[in-house]
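Enquirer: Here it is, the structure in full.
The values are calculated or read from the model by the stated rules, or taken from the named source; none is laboratory data. Every value quoted in this text rests on a predicted model; they were computed, and no experiment measured them. Every residue, glycine among them, receives a Cβ derived from its backbone with ideal geometry; neighbour counts consider all protein chains shown. In case anyone asks, the SASA skips ligands and DNA or RNA and just uses the protein heavy atoms, side chains included. Shrake-Rupley method; radii C 1.70, N 1.55, O 1.52, S 1.80 Å.
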Amino acid sequence: MLFGRNHKSPITLADKGVVEWKYATCGYCSTGCSIEVGLNAAGKAVASRGVADADVNRGKLCLKGLAEHQIFAAPGRGTQPLMRTHWHDAWQPTDWNAATAKLHDEFRRIQAKYGRDSVAVISTGQLLTEEFYTLGKLTRGLIGTNNYDGNTTLCMASAVSGYKRSFGSDGPPGSYEDFSHTDCLIAWGSNLPEQHPIIYYRLKDAQEQRRFPLIVVDPRVTMLAQMADIHLPLTPGTDVVLQNAMMHVILKEGLEDKRYIEANCNGIEELRAEVAKWDPATASRICGIDEETIRVVARLFAKAPAAMQIWTMGINQSTHGSDGVVGINNLALITGNVGKPGGTPLSITGQCNAMGTREWSSCAGLPNHRLLENAQHRQEMGEFWNVDPEFFPKQLGLKQTDIFKVMETGKIKGLWIIATNPMSSLPDTARVRKAMEQLEFCCVQDCYQDTECNQYAHLYLPAGTWAEKHGVMTNTERRVNLVTPVATPPGEAQPDLWIFNRVAEKFNEGGRVKFPENAADIFLEMRELSKGRLCDITGMDHDLIHKHRGVQWPYTAEQAARGEAPATGGVRLYTEDATFRFPDGRAKLIPLPFTVNYEGPDEQYPFWLNTGRLVEHWHTRTKTGKVGNNNKFSPIPFVEMNPDTAAELGIRRGEYIRLVSRRSDAVVMAQLTQRVRRNMVFLPFHFHDCANRLTIALLDPYSRQPAFKQSGVRIEKIANQHEAAMLSMEMRQF
Ligand code: SF4
């Protein structure tokens, strides 16, 4: 047989017997790739492929998307509602009527005894938007607890909070298309090749064509940092210091966009006074970036005709998360880089429909960015839903991270968890376990029966997953895209929308609030509510969204009537002067004083613990831990550790070590790499009983997002490697 470049064998794809391809949007990350699932003659999902004419992914999928059809038949799916008296009893099968009655009766019993807010509802970024909207109507309009939130608080809450503080509303201003127009890009704490691989392809493609500088700010030499023109390995938690120093240089050297500031911003003098304190020499001592590099980066950014900033969890998951986002917005505003092609801040969202929950779930108040604090909004929604406006709370209740802390005090006694797994995903899981143990009633609604949270449930509701359902999701760039049903839920499992509607029937005395059964009808209801709002979707419906492989909001009925192409509908926000969402239409420049309010290394715990995601896995591995290649490529927890540190501690590559924090410990395999500096370790967060045993539950004061990436640990050698291997193996069991 001949080998070599002139004798390559053509790639042959195995014939999987696909007879039909069905359309969906990927259910993992927020990139929002259009995907087709191939069904064989027996109707079984056997393949996945990217959709070539979808603008987002242009035919590509990453490792997770390519194997996504396998999740339908993965082990651990729930097939029947289950009930038990105590969480340590054996499960008893039940039917849907009894199960939904149980949820109603237990919630109402607890509310009658302890008050309305003694029950909590925690949802996710994984549902479809019509499901979020229905759950919000049920929780805000009928159940009546104010302790209602989503796991998006672990992910994007700081971005939401920062947008609101700077621009007056949530809503990412830019698009992927901006990569093709920018002249300079700063990525703050964002590792696109691993976290959002297809967005990375878009960025790389644009960069290869236009050669703009890529500047990556990250304490770790991530994959993106390895491809950067400039890498700033700053000290964890000090992004605000670097941002202030960059603004110091820009304002001192007169590089700001004076016309833009004059026309669009309030607060320039207050900002100028604060950043005057942050000369690069002073900042350098705190953030660890040398002063000349700070000047170079500030000038590159400010002098670029169009400059873009993206960010992910490196900014958001910090005690300075919200401030970090405001700092990014400040930099964008003073250089006039908002609302113009290639000139924008753009938060890269986490979960597939984290944006949908932000827009429509009512977790942050009322639908479509309406606020509980606003009497007019309460009135509007009360009339629309046929709910007494006085029934709505006048202030937002607790976020997920605070709900669990209040559960510890015994003030919250009932909990409904939907498609999320806080036993693994919240920081300091020992405290979460204690809080769960003392609940009087817990209902878990999930497509998988084997989640860690379900161990503490009294009621389990088996749900459909991803493309067993019908509805829309919104991606990072505000693109609303469609999921069509590809498979049916196993056994007696039902789509989440169906379950919410059955639960609503129990709470909806007299049927006074309407709950449509069909996702397309619910979309039309949401559409009506969106008229005139920033997130205006009045020009869209399911058919249009499907036809165009997603449409960005805003896309209004007027735009549709004028015949404007949906592709141009909502590429950017804030494109005109004075269109920000404060009453005077102007954005706020907000001074950001810096204080050290996080846990860093000290004598007892001398290493930074940094946590993050791997390309193979998704969140707590409830899905990817059961999908062949995802799990095979990354089967066990490991810790990245600097080789010099390992040598000092006498640790060899592949040995098991014990990481110890003030909370607990975890046993993991050491992987030696220069990606992390000598006083830092990096631990993937996916594995149960691992990273979040160690992390601290400190929260950002504005967003209440945890500082997952800032805690201190020490490293201990383990003499008995066999025993350690067994311990570590246990961690990957569900
Ligand atoms: Fe799915 Fe994200 Fe991968 Fe696209 S990049 S296929 S949306 S996981």
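Enquirer: Tell me, what is the percent relative contact order of region 20-73, built from C-alpha pairs under 8 Å that lie six or more residues apart? Could the numbers behind the result be given before it?
Expert: Numbers: 101 pairs, mean separation 15.6, N = 54.
For region 20-73, the relative contact order is 29 percent.
Enquirer: If you don't mind, another one. Using a 7 Å offset from the Cα along the Cα-to-Cβ direction at both Ala90 and Thr12, what is the distance between the two label points in nm, to one decimal?
Expert: Here the answer is 5.1 nm between the modelled labels.
Enquirer: For the chain, with all protein chains present and a 1.4 Å probe, just round the carbon and sulfur fraction of the accessible area to a whole percent. It would help to have the intermediate numbers written out before the result.
Expert: On the way: 13370 of 26100 Å².
Carbon and sulfur together cover 51 percent of it.
Enquirer: Sequence-distant or interchain residues sharing an amide H contact under 5 Å with Gly150, placed H: which?
Expert: Ser123, Gln400
Enquirer: Going from most exposed to least, what order do His86, His69, His722 have by accessible area with a 1.4 Å probe? Write down the numbers at each step before the final one.
Expert: On the way: His86 95, His69 15, His722 130 Å².
So the residues, ranked largest to smallest area, are His722, His86, His69.
Enquirer: Using the Karplus curve 6.51 cos²θ - 1.76 cosθ + 1.60 with θ = phi - 60°, what ³J(HN,Hα) values do you get for each residue of region 116-132, in whole Hz, with x for Gly and Pro?
Expert: Whole-Hz 3J(HN,Hα) from phi for region 116-132: 4, 8, 7, 10, 9, 10, 10, 10, 7, x, 9, 6, 7, 4, 5, 5, 4.
Enquirer: Next up: Would you mind getting the accessible area per residue of the chain, heavy atoms of the protein chains only, 1.4 Å probe, in Å²? Intermediate results must be reported in sequence, preceding the final value.
Expert: Working: 26100 Å² over 734 residues.
Accessible area per residue: 36 Å².
Enquirer: Also: Grab the beta carbon distance between Asn679 and Lys277, set R0 = 22 Å, and tell me the FRET efficiency rounded to 0.05.
Expert: 0.20
Enquirer: HN-Hα J couplings of region 419-425 from phi, Karplus 6.51/-1.76/1.60, θ = phi - 60°, integer Hz, Gly and Pro as x?
Expert: 6, 8, 9, x, 4, 10, 8
Enquirer: Take the chain, mark every one of the GluC sites (Glu not before Pro) that falls in a DSSP loop and has at most 11 other Cβ within 10 Å, then report the longest stretch left between them, sites excluded. Mind showing how you got there, number by number?
Expert: Working: sites that count: Glu517, Glu576, Glu603.
Segment 1-516 is the longest.
Enquirer: Quick one: accessible surface of Phe633, probe radius 1.4 Å, all protein chains present, in square angstrom to the nearest 10.
Expert: For Phe633, solvent-accessible area is about 120 Å².
Enquirer: Assign one of three labels to region 607-731, namely rounded, prolate or oblate, based on the Cα gyration tensor with a ≥ b ≥ c the square roots of its eigenvalues; rounded applies when a/c is under 1.5, prolate when it is not and a/b is larger than b/c, and oblate otherwise.
Expert: Working: a/c = 1.59, a/b = 1.08, b/c = 1.47.
Judged from the Cα gyration tensor, region 607-731 comes out oblate (a/c at least 1.5, b/c at or above a/b).
Enquirer: Taking 0.36 nm per residue of sequence separation and subtracting the Cα-Cα distance, how much length would be gained by fully extending the chain between Gln604 and Lys547, in nm to one decimal?
Expert: Numbers: separation 57, 0.36 × 57 = 20.52 nm, distance 5.89 nm.
Length gained between Gln604 and Lys547: 14.6 nm.
Enquirer: Run the 1.4 Å probe and let me know the accessible area of Thr319, rounded to the nearest 10 Å².
Expert: Approximately 10 Å² of Thr319 is accessible to the 1.4 Å probe.
Enquirer: Same structure again: Taking 29 Å as the cut-off for C-alpha to C-alpha distance, list the pairs among Lys137/Lys411; Lys252/Lys399; Lys102/Lys137; Lys405/Lys514; Lys303/Lys547; Lys22/Lys164 that go past it. Intermediate results must be reported in sequence, preceding the final value.
Expert: Numbers: Lys137/Lys411 24 Å; Lys252/Lys399 40 Å; Lys102/Lys137 20 Å; Lys405/Lys514 34 Å; Lys303/Lys547 40 Å; Lys22/Lys164 38 Å.
Over 29 Å apart, Cα to Cα: Lys252/Lys399; Lys405/Lys514; Lys303/Lys547; Lys22/Lys164.
Enquirer: Then there's this: May I ask which residue of Tyr201, Ile417, Pro706 lies farthest towards the positive end of the charge dipole of the chain, with charges of +1 (Lys, Arg) and -1 (Asp, Glu) on Cβ and the Cα centre as origin?
Expert: Final value for the positive-end residue is Tyr201.
Enquirer: Kindly identify region 173-347 as rounded, prolate or oblate by the Cα gyration tensor criterion: order the square roots of the eigenvalues as a ≥ b ≥ c, call it rounded if a/c is under 1.5, otherwise compare a/b with b/c, prolate if a/b is larger, else oblate.
Expert: On the way: a/c = 1.63, a/b = 1.20, b/c = 1.36.
Oblate.
Enquirer: At Phe384 and Glu648, where each label point lies 7 Å from the Cα along Cα→Cβ, what is the point-to-point distance in nanometres?
Expert: 5.7 nm
Enquirer: Looking only at region 562-593, which residues have a backbone nitrogen under 14 Å from a spot 7 Å from the Cα of Asn266 in the C-beta direction?
Expert: Answer for region 562-593: 578-591.
Enquirer: Could you tell me which of rounded, prolate or oblate describes the chain, using a ≥ b ≥ c as the square roots of the eigenvalues of the alpha-carbon gyration tensor, with rounded for a/c under 1.5 and, failing that, prolate when a/b is larger than b/c and oblate otherwise? Before the final figure, lay out each step's value.
Expert: On the way: a/c = 1.28, a/b = 1.12, b/c = 1.14.
Rounded.
Enquirer: Using each residue's phi in region 382-392, evaluate 6.51 cos²θ - 1.76 cosθ + 1.60 at θ = phi - 60° and report the 3J(HN,Hα) Karplus result to the nearest Hz, with x for Gly and Pro.
Expert: Result, ordered by residue: x, 5, 5, 8, 6, 10, 4, x, 5, 6, 6 Hz.
Enquirer: For Thr293 and Glu558, compute 0.36 nm times the residue count separating them, minus their Cα-Cα distance, and round to one decimal in nm. It would help to have the intermediate numbers written out before the result.
Expert: Working: separation 265, 0.36 × 265 = 95.40 nm, distance 4.82 nm.
That pair, Thr293 and Glu558, stretches by 90.6 nm at full extension.
Enquirer: Set the Förster radius R0 to 22 Å, insert the Cβ-Cβ distance between Ala73 and Thr484 as r into 1/(1 + (r/R0)^6), and round the FRET efficiency to 0.05. Intermediate values should be presented prior to the final figure.
Expert: On the way: r = 19 Å, r/R0 = 0.85.
Efficiency for this residue pair is about 0.75.
Enquirer: Something else: How many nm separate the modelled label positions at Lys252 and Ala112, each set 7 Å beyond the Cα in the direction of the Cβ?
Expert: Label at Lys252, label at Ala112, 6.8 nm between them.
Enquirer: How many percent of all Cα-Cα pairs in region 371-433 sit more than 18 Å apart? Can you show the working numbers first?
Expert: On the way: 1020 of 1953 pairs.
For region 371-433, the share of Cα pairs beyond 18 Å comes to 52 percent.
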